[in-house]
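Shown next, in structure tokens, is the structure this report addresses.
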Amino acid sequence: MMRCADCREHLNAYLDNELPSDVASDVRDHLATCLDCTRAYDELAAASVLLQEGLVRHTAPDVLKARIRSAVAEADTRAASDTIEPRRAIVPRQWLGLVAAGLMIAAASSLTTYGVVRRDATRSVRDDILASHVRSLMPGHLTDVESNNQHNVKPWFNGRVNLSPPVPGLDSAGFVLDGGRLDYVAGRTVATVVYQRRQHVVNVFSWPESGGDVEASTVTAQGYHLVSWRSNGVAFWAASDLNTAELAQFVTLFQHAGAERR
């Protein structure tokens with residue numbers, strides 16, 4: 001009977017179908033009876049799928065391709081005009097081809113890495129926002145300061161986060177201010193302003209973020225709609241189970257009200 005320590009040592013190779021048949025059979029039999037090792041295998045398989053989905057192939061930029069072609073063409077011209085030592089001209093051309101190939105591989109690799117890191121970072125923020133929104137719907141977790149008066153909610157954030165979040169009053173449009181709280185998103189403490197529309201909660205998360213303005217975009221996860229945008233050095237996420245039309249209306253009103261107060 002295979003022990004847990006031995007089984008876990010073989011999990012990576014088992015997942016990649018690299019084990020001898022007898023060892024793979026022992027691992028399979030152990031997983032059929034051990035919940036802890038099965039859970040470890042499932043986590044490893046999920047991580048493998050996530051990595052495979054995130055690895056996006058990118059082509060080298062056109063500017064880099066043009067520079068490489070120009071360098072190769074220039075080397076060809078020098079080689080053709082070199083009639084004194086033709087054999088010495090062959091070596092640089094060969095090395096230049098290898099260097100060019102290396103540059104293209106490095107550029108493609110860098111772009112792939114950048115794409116994976118950026119996608120993973122966005123996914124991490126989205127997952128944290130979703131988890132915070134769902135957690136806020138549990139009893140006693142919705143607000144740290146409960147008030148429908150923006151002049152009570154906005155000052156509450158002073159000294160607690162490193163920005164003063166917009167807290168527009170949108171009651172006349174049917175979005176009633178409920179209060180505010182602190183959340184933890186992507187390794188930072190963020191401000192969350194809470195609104196309600198009928199029985200639906202709208203959480204608006206915000207924190208300082210460098211970069212230019214970004215138009216609002218919507219994703220849906222686990223039945224909730226998440227709208228993200230960036231304005232004047234502040235990142236915003238609005239989360240709710242409101243239908244997309246009403247949530248888009250809320251975001252538009254929130255943006256316009258915030259712009260009027262600047």
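The values are calculated or read from the model by the stated rules, or taken from the named source; none is laboratory data. Not measured: the values here are computed from a predicted model. A quick note on method: Cβ atoms are made from the backbone with ideal geometry, for glycine too, and the neighbour counts reach across all protein chains shown.
Of the numbered conditions (1) closer than 14 Å to Phe205 by Cβ; (2) crowded, with 17+ Cβ neighbours inside 10 Å, Leu182 fails exactly one; give the number of that condition.
(2)
Any residue at all in the range 207-223 that's assigned by TED's automatic domain parsing to the domain that holds Asn148, assigned to a strand (DSSP E or B) and within 21 Å of Asp178 (Cα to Cα)?
Yes, because at least one residue in the range 207-223 is assigned by TED's automatic domain parsing to the domain that holds Asn148, assigned to a strand (DSSP E or B) and within 21 Å of Asp178 (Cα to Cα).
Restrict the check to the range 244-257 and report whether at least one residue is crowded, with 18+ Cβ neighbours inside 10 Å and either at pLDDT below 95 or not in a helix (DSSP H, G or I) (or both).
No, the range 244-257 contains no residue that is crowded, with 18+ Cβ neighbours inside 10 Å and either at pLDDT below 95 or not in a helix (DSSP H, G or I) (or both).
With respect to the numbered conditions (1) under 22 Å from His225 (Cβ atoms); (2) over 29 Å from the mean Cα position of the chain (by Cα); (3) in contact (Cβ under 8 Å) with a residue 40 or more places away in the chain, which one is the sole condition not fulfilled by Gly169?
Single failed check for Gly169: (1).
Sort out which residues of the range 212-259 are among the acidic types (Asp, Glu) and either touching a residue at least 40 places away in the same chain (Cβ under 8 Å) or closer than 18 Å to Val193 by Cα (or both), and write them in order of number. Spell out the reasoning first.
Taking the range 212-259 and keeping what is among the acidic types (Asp, Glu), we get 213, 215, 241, 246.
Correct list: Asp241, Glu246.
Given the options Leu31, Leu15, name the one that is closer than 28 Å to Arg123 by Cα and either in contact with a Phe, Trp or Tyr (Cβ under 8 Å, 6 or more places away or on another chain) or at pLDDT 90 or above (or both). Reasoning before the result, please.
Numbers: Leu31 fails: closer than 28 Å to Arg123 by Cα.
Step by step, each of Leu31, Leu15 is checked, and only Leu15 is closer than 28 Å to Arg123 by Cα and either in contact with a Phe, Trp or Tyr (Cβ under 8 Å, 6 or more places away or on another chain) or at pLDDT 90 or above (or both).
Among the listed residues Val193, Val134, Val204, which satisfies the condition of being in contact (Cβ under 8 Å) with a residue 40 or more places away in the chain, under 25 Å from the mean Cα position of the chain (by Cα) and surrounded by fewer than 21 Cβ atoms within 10 Å (Cβ to Cβ)? Walk me through how you get there before you give the answer.
On the way: Val193 fails: surrounded by fewer than 21 Cβ atoms within 10 Å (Cβ to Cβ); Val204 fails: surrounded by fewer than 21 Cβ atoms within 10 Å (Cβ to Cβ).
Of the residues listed, the single one that is in contact (Cβ under 8 Å) with a residue 40 or more places away in the chain, under 25 Å from the mean Cα position of the chain (by Cα) and surrounded by fewer than 21 Cβ atoms within 10 Å (Cβ to Cβ) is Val134.
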